[in-house]
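I'd like to ask some things about the structure below.
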Amino acid sequence: DPGVVAASPYGLAFGRSSGHGAKRWRSRSDGLRLNERFSSAVLAHPWAPESWLVATEDGVLVYAAAEDRWERTELAGLPCRALLYAHGSLWAGTDGGGIRRSADGHSWLRAGTGLDHDSVFALSATAEGILAGTLQGICAGDGDSTWQRSGPSLLVSAVATHPDEEGQWLASANPGGLWRTEDGGTRWSQVGGFDSVRTILAPEKAT
């Protein structure tokens, strides 16, 4: 158990509680280049125990905790902002290169069409596909066909889908506040009281 795993501009770090309840953090990014340390997201590797996928300014890297070893992937030289595991695949949102998909965490291919040069800041799974927050709004698709734009044309910093209510999605704009749809993106309405939202935490799926 690595404890708490965090990705930040300073790199990947593991935190464990000390005897006094405070977290003691240990960096795992020593030896990496500056752009490889600057991290935007981290995701537990679905097929490699004790390994983590890390979205960095230099692409996606894999950290194997058991060997304390970093591995570069084929998604390199392109800033990565978001990671997601859904529908049996890994997904990466890049800055200026759209959405990429992987079946093993090492090889990455462009997912779908229509977002080839877009910046993607957030990803979430819908019942049948993927929801993405981009520089120009919200996009939805399955990674095979053309991505469909939906909702306000704003910089969307976070997206979330309700695990038990199909078609109920949230998106946050920065600036622009919080937006909601209950019909899978056909109609969006702004939720009052928010000027700028950076993160949305969706509820856990009911058991």
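Every number here is computed from the coordinates shown, using simple stated rules; none is lab data. Since the model is a prediction, treat every value here as computed from it, not as a measurement. Please note: Cβ atoms are built from the backbone with ideal geometry, for glycine as well, and neighbour counts cover all protein chains shown.
Could you pull out every residue, at least 5 positions away or on a different chain, whose amide H is within less than 5 Å of the one on Ala111? Hs are placed 1.01 Å off N in the peptide plane, and Pro or chain starts have none.
Ile99, Arg100, Arg101
So how compact is segment 58-207: Cα radius of gyration and Dmax in angstrom?
In Å, with Rg to one decimal and Dmax whole: 15.5, 49.
A further question follows. Would you mind computing, in nm to one decimal, how far apart the modelled labels at Gln136 and Val4 are, each placed 7 Å from Cα along Cα→Cβ?
According to this spin-label approximation, the distance is 3.9 nm.
By average Cβ neighbour count within 10 Å, what is the ranking of 49-59, 196-206 from highest down? It would help to have the intermediate numbers written out before the result.
Details: 49-59: 20.8, 196-206: 11.5.
Put in order of decreasing packing, that is 49-59, 196-206.
Moving to a separate point now. At 7 Å along the Cα-to-beta-carbon direction for both Ala48 and Asp144, put a label point, then send me their distance in nm to one decimal.
2.8
For the residue pair Asp164 and Asp195, what label-to-label distance in nm results when each label sits 7 Å from Cα along the Cα-to-beta-carbon direction?
Going from the Asp164 label point to the Asp195 one covers 3.5 nm.
Short version: ³J(HN,Hα) in whole Hz for each residue of segment 173-188, in order, from phi by Karplus 6.51 cos²θ - 1.76 cosθ + 1.60 (θ = phi - 60°), x for Gly and Pro, what are they?
10, 9, x, x, x, 10, 10, 9, 10, 10, 10, x, x, 5, 10, 10
Once the Cα atoms of segment 1-62 are picked out, what are the Rg and Dmax in Å?
12.0, 37
Give me the extension gain from His87 to His117: residue separation times 0.36 nm, minus the current Cα-Cα distance, reported in nm with one decimal.
Once the chain is fully extended between His87 and His117, it gains 8.4 nm.
Which whole-number percentage describes the relative contact order of the chain, with Cα contacts under 8 Å and a sequence gap of 6 or more?
Relative CO of the chain lands at 9 percent.
For a footprinting-style exposure proxy, rank Tyr10, Tyr63, Tyr85 by other Cβ within 10 Å, fewest first.
So the residues, fewest neighbours to most, are Tyr10, Tyr85, Tyr63.
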